[in-house]
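Read-outs: derived from the displayed coordinates by stated rules, not from any lab. Just so it is clear, the structure is predicted and the values come from calculations on it, not from any experiment. When we count neighbours, we look across all protein chains shown, and the Cβ atoms used for this are built from the backbone with ideal geometry, even at glycine.
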Amino acid sequence: MLKLDIREYDCVLTSGPATKFFQPYDDQLRIHYLHHPPLSSLWFTGGLFDYTVKTIDRVETLSIPHILANSELTSTRAFRHYNREVDRILSPPVDVEKYSTDSNRVEGQVVMVGRLEDRKRTTLAVEAMRHIPDYTLKLIGDGPLRKKVERDSPSNVDILGYVDDDTLRCTVQKSVAGIFLAEREDFGITPIEYLAAGTPVVGVDEPNTNNQISRETGVLVDPEPSAVANGIRDAIEQDWNRSRLRKTAEQFGAERFRTELQEFVEVAYI
């Protein structure tokens, strides 16, 4: 097992939930890229274990001199959980270059990419499709709800499960809209990938999705089956400027992330 000797480095960047149990050496600069507080802390239910994690996480986070947040929602969470402002909001890198807007669209086909679990609201999308039998949903992903979805889905839901990258990319590029209904998502990569393919987003009207999606890039809906169905209709019926959708996604590209992160490190290290 390879053990990295971090004493050699002037600056150490960590990423993920805040707690990393890492104490910098004397002159090392530490920068942490926060995705979200630990889930047991974020969705605290009152249990002793969760309370312990929450407390340790707060104590450990006090030693981190610089924190970057991946979204506005994460920035708000950092303030509420740690009583501190983040240094900067830096959206994560998205591989927009692997998508193209040139594919021919399949009429009436929408796509939903994500783990089949309650937090992604998979069954909400499935229920919405009962209201719009003339449209077809391509459901990409696997997870604990797989058997339930296979058992209960109407005939216009096609469950593809886990697929390779080429199949995923082609399905997104050929769909006329992409669905994203995740609950309390810190930053959704999937909506940006939809936009990179020139595919408008039907997104839930909750943070952080409503910080990513506007009237120019998609339709925001309440987390109710009829509302999602109406949002899908609205998205399909609109005439979208796919080049504009693509340009929106390009703002989240990988090169932009590297440049902005490097600039922050250089300034923080002075």
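Tabulated data for the structure shown
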{"quantity": "Residues Ser91, Ser155 arranged by fewest to most Cβ contacts within 10 Å", "calculated": "Ser155, Ser91"}
{"quantity": "Shape parameters for the stretch 96-250, alpha-carbon atoms, Rg then Dmax in Å", "calculated": "13.8, 39"}
{"quantity": "Low-density loop positions, GluC sites (Glu not before Pro), the stretch 98-162 - DSSP coil, at most 11 other Cβ in 10 Å", "calculated": "Glu107"}
{"quantity": "For Ile179, residues with placed amide H under 5 Å, excluding near neighbours", "calculated": "Val111, Met112, Val113, Val202"}
{"quantity": "In nm, spacing of pseudo-spin labels at Arg215 and Gln251 (7 Å Cα→C-beta vector)", "calculated": "1.7"}
{"quantity": "Over 22 Å between alpha carbons, listed pairs Lys174/Lys247; Lys98/Lys120; Lys98/Lys247; Lys147/Lys174; Lys98/Lys138", "calculated": "Lys98/Lys120; Lys147/Lys174"}
{"quantity": "Assigned charges on the beta-carbon of Lys, Arg, Asp, Glu; the stretch 96-250 dipole about Cα centre (debye)", "calculated": "160"}
{"quantity": "Over 22 Å [Cα-Cα, the stretch 1-146], rounded percent", "calculated": "60"}
{"quantity": "Along the chain, longest interval not containing exposed trypsin sites (Lys or Arg not before Pro), exposed being DSSP loop plus at most 13 other Cβ atoms within 10 Å", "calculated": "85-214"}
{"quantity": "Karplus-derived HN-Hα couplings along the stretch 113-122 (A = 6.51, B = -1.76, C = 1.60, θ = phi - 60°), whole Hz, x at Gly and Pro", "calculated": "10, x, 5, 7, 8, 4, 5, 7, 6, 4"}
{"quantity": "Calculated from backbone phi, Karplus (6.51, -1.76, 1.60) coupling profile of the stretch 188-195 in Hz, x at Gly/Pro", "calculated": "x, 6, 4, x, 5, 5, 4, 5"}
{"quantity": "Listed residues Leu137, Leu220, Ala196: farthest to the positive end of the dipole of the stretch 124-270 (Cβ charges)", "calculated": "Leu137"}
{"quantity": "Those GluC sites (Glu not before Pro) in the stretch 178-270 that DSSP places in a loop and that have at most 16 other beta carbons within 10 Å", "calculated": "Glu183, Glu216"}
{"quantity": "Set of the stretch 181-209 residues, backbone N closer than 12 Å to the point 7 Å along the Cα-Cβ line of Ile89", "calculated": "187, 207-209"}
{"quantity": "Loop-located GluC sites (Glu not before Pro) in the stretch 42-86 whose Cβ has at most 14 other Cβ within 10 Å (DSSP)", "calculated": "Glu85"}
{"quantity": "Gained length - Thr14 relative to Asp152, 0.36 nm times residue gap less alpha-carbon distance", "calculated": "45.5 nm"}
{"quantity": "Simple Cβ-charge dipole of the chain, Lys/Arg +1 and Asp/Glu -1, about Cα centre, in debye nearest 20", "calculated": "420"}
{"quantity": "Pair Thr52, Lys98: separation of 7 Å Cα→Cβ label points (nm)", "calculated": "3.9"}
{"quantity": "Least to most buried among Val53, Val163 (fewest other Cβ within 10 Å first)", "calculated": "Val163, Val53"}
